[in-house]
Structures are given as structure tokens and as C-alpha cells.
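**Q** Starting off with a structure, shown below.
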Amino acid sequence: MSDPVALQMTAPAPVTALENARHDGPVTVAETGPWGMLTLRGDLSAAPVRSSLADATGLAMPEVRGVTVAGDRRVAWFSPDEALILVPRANLAGVRATLDGALSGQHALVADMSDARASFRIAGEPAHLAEVLARLVPVDMGAFAVGELRRTRLAQVACALWMPEEGVVELVCFRSVARYVFDLLVEAAESPRAFPA
């Protein structure tokens, strides 16, 4: 009979939903990760929550509909009582343990959502990038700025997207619709109407 502990110790490393699928064209669409993703629920304006988050991630709590980014870490505002934390998968356990310890006794919840979501990076010349995304999301991409976040829909599915830097948009969706999202992004990026000669 197999030893369950031994099986856990030899389990393969986590993989992304699409095994880091990538499409290169005028706009590049690439699945990213695997990320460690934590949902933090609580009063995001409370000092203990804000200081715990800063201690665990090195990032400040973003403003409403914002995202803070430093290297390979992100903290995204999702609602008045929800933030999404993205860190390298190797750092997930440490960040979660730090948050759990610091928030002990607080009305807060930290949940691992790493296997529930997929993430993408869409990059290109800013005008082309805005045109591609404007076909799929009800967001004024011409006015969308670095550091902003929107929870919205991409065609028929829920997503969140933000701009960590000019010419780049990062997007998260549920893992179950990753193929649908990737294919839509590629189709929009390759449409002949997108980039006139």
C-alpha cells in the first residue's frame, strides 16, 4: 500500500492551467505563473490589516481599484473587504504564515486561491494593446492607467485586470475558463482589423 506522506513529498510541482501557453504577435498573450495567490478578507482600511500586509509582502495596501507592484509581488484591491495577493509560488507558505500570525485575533481571513485562478500577461504597443482589450472588456482602455485595476467581464466570464507598467496588462480569471480567455485574447490580437497598415 502506498505511503500518503511519501506521495505528497514526491508530488510534481504545480503547473499552470495551460502549461504557460504563449502567442507572439503584434500583441503578446502569455499565461504566467504558477503564482501563489492569497485572498485576504477583512477591513482593508484597518491599521492591523494594512500593517500585516506590508510586513508579509513588502507592499502597501493599494487604493480603491488599484494595485501595488514590486518585482514579482502584487497586491490588488478587489473590494472594500477583499485583496488579492500574488507572490512567487515558492514564497506562498511564508507569506501566508506571516499573515495568519499577524492577523490572529483580527476579524480577517486568509485563503489560498492559487489553484482556482489562472493569470495572463498581455503586452504590446500601448495603442494596440488598448484596442485588443477594448474588444473584450467594457473598460475605457484609452483612459486606463498604470496602477489601476478593474474587476469586470471578458466576453462571457469574470476577470480582473490591471496595468503594472505602460504597454502591459495583467489579467486573472478562474482556472476553469483559462483556455476560453487565452483563445479570445489571441483572436482579438490577431484580427486584421486591429492594426491597419
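The values are calculated or read from the model by the stated rules, or taken from the named source; none is laboratory data. These numbers come from a predicted model, not from an experiment. As a convention, Cβ positions derive from the backbone with ideal geometry for all residues, glycine included, and neighbour counts pool all protein chains shown. We work out accessible area using only protein heavy atoms, side chains counted, and drop any ligands, DNA or RNA first. Shrake-Rupley method; radii C 1.70, N 1.55, O 1.52, S 1.80 Å.
**Q** If a residue must be of a type in the set (S, T, N, Q), open to solvent by 20 Å² or more (accessible area, probe 1.4 Å) and at pLDDT 95 or above, how many such residues does the stretch 21-50 contain?
**A** Of the residues in the stretch 21-50, the ones of a type in the set (S, T, N, Q) are 28, 32, 39, 45.
Among the residues that remain, those that are also open to solvent by 20 Å² or more (accessible area, probe 1.4 Å) are: 28, 32, 45.
Add one more test, that the residue is at pLDDT 95 or above, and what stays is 28, 32.
Adding up the residues that qualify gives 2.
**Q** Something else: Tell me, yes or no, whether the stretch 110-117 has at least one residue that is open to solvent by less than 80 Å² (accessible area, probe 1.4 Å), touching an Asp or Glu at 6+ places or on another chain (Cβ under 8 Å) and of a type outside the set (Gly, Ala, Ser). Full working, then the answer.
**A** Step one: filter the stretch 110-117 for residues open to solvent by less than 80 Å² (accessible area, probe 1.4 Å), giving 110-114, 116-117.
Restricting the remaining residues to those that are touching an Asp or Glu at 6+ places or on another chain (Cβ under 8 Å) gives 110.
Those left that are additionally of a type outside the set (Gly, Ala, Ser): 110.
Yes, that holds for at least one residue.
**Q** If you scan the stretch 44-64, which residues turn out to be free of Cβ contacts under 8 Å to residues at least 40 places away in the same chain and of a type in the set (S, T, N, Q)? Spell out the reasoning first.
**A** So in the stretch 44-64, the residues free of Cβ contacts under 8 Å to residues at least 40 places away in the same chain come out as 44-45, 47, 50, 54, 57-61, 63-64.
If the condition is that a residue be free of Cβ contacts under 8 Å to residues at least 40 places away in the same chain and of a type in the set (S, T, N, Q), then Ser45, Thr57 are the ones that fit.
**Q** Within the stretch 27-60, how many residues turn out to be outside any helix (DSSP H, G or I) and under 18 Å from the mean Cα position of the chain (by Cα)?
**A** Here is the first cut: in the stretch 27-60, the ones outside any helix (DSSP H, G or I) are 27-46, 58-60.
Remaining after also requiring under 18 Å from the mean Cα position of the chain (by Cα): 28-41, 58-60.
Number satisfying all stated conditions: 17.
**Q** Report yes if some residue within the stretch 139-150 is under 29 Å from Val15 (Cβ atoms), surrounded by fewer than 20 Cβ atoms within 10 Å (Cβ to Cβ) and touching a residue at least 24 places away in the same chain (Cβ under 8 Å); otherwise report no. Break it down stepwise before answering.
**A** The first filter runs over the stretch 139-150 and keeps only residues under 29 Å from Val15 (Cβ atoms), leaving 149-150.
Now narrow it down to the ones that are surrounded by fewer than 20 Cβ atoms within 10 Å (Cβ to Cβ): 150.
Checking the rest, the ones that are also touching a residue at least 24 places away in the same chain (Cβ under 8 Å) come to 150.
Looking for residues that are under 29 Å from Val15 (Cβ atoms), surrounded by fewer than 20 Cβ atoms within 10 Å (Cβ to Cβ) and touching a residue at least 24 places away in the same chain (Cβ under 8 Å), one finds at least one in the stretch 139-150, hence yes.
**Q** Shifting gears a bit: Can you name every residue in the stretch 74-109 that is surrounded by 13 or more Cβ atoms within 10 Å (Cβ to Cβ), of a type in the set (A, V, I, L, M, F, W, C) and assigned to a helix (DSSP H, G or I)? So that I can check it myself, show each step before the final result.
**A** First, pick out the residues of the stretch 74-109 that are surrounded by 13 or more Cβ atoms within 10 Å (Cβ to Cβ): 74-78, 81-89, 91-92, 95-96, 98-100, 102-103, 106, 108-109.
Retained after the next criterion (residues that are of a type in the set (A, V, I, L, M, F, W, C)): 75-78, 83-87, 92, 95, 99, 102-103, 108-109.
Of everything in the stretch 74-109, those that are surrounded by 13 or more Cβ atoms within 10 Å (Cβ to Cβ), of a type in the set (A, V, I, L, M, F, W, C) and assigned to a helix (DSSP H, G or I) turn out to be Leu92, Val95, Leu99, Ala102.
**Q** Kindly provide the set of residues from the stretch 51-60 that are open to solvent by 50 Å² or more (accessible area, probe 1.4 Å) and among the hydrophobic types (A, V, I, L, M, F, W, C), ordered by number. Even if it seems obvious, please write down each step before you answer.
**A** As a first pass, look at the stretch 51-60 and keep what is open to solvent by 50 Å² or more (accessible area, probe 1.4 Å): 51, 55, 58, 60.
Listed by number, the list holds a single entry, Ala60.
**Q** Return the residues of the stretch 68-89 that are under 16 Å from Leu149 (Cα atoms) and small (Gly, Ala, Ser); say none if nothing qualifies. Don't jump to the end; show me each part of the working.
**A** Our first condition is that a residue be under 16 Å from Leu149 (Cα atoms); within the stretch 68-89, this holds for 68-70, 73-86.
Within the stretch 68-89, Ala70, Ala76, Ser79, Ala83 meet the criteria.
**Q** I've got another one for you. Taking the stretch 124-138 only, how many residues are surrounded by 20 or more Cβ atoms within 10 Å (Cβ to Cβ) and touching a residue at least 60 places away in the same chain (Cβ under 8 Å)?
**A** Qualifying residue count for the region: 4.
**Q** Just to be sure I understand the filter: pairs with C-beta atoms under 9 Å, separated by 6 or more residues or on different chains, first member in the stretch 21-43 and more than 26 Å from Leu184 (Cβ to Cβ) and among the polar types (S, T, N, Q), second member open to solvent by less than 10 Å² (accessible area, probe 1.4 Å) and assigned to a strand (DSSP E or B). Which pairs pass?
**A** none
**Q** If you don't mind, there's one more thing I want to ask. What is the one condition in (1) open to solvent by less than 60 Å² (accessible area, probe 1.4 Å); (2) in contact (Cβ under 8 Å) with a residue 40 or more places away in the chain; (3) under 21 Å from Val168 (Cβ atoms); (4) not hydrophobic (A, V, I, L, M, F, W, C) that Arg121 does not satisfy?
**A** (1)
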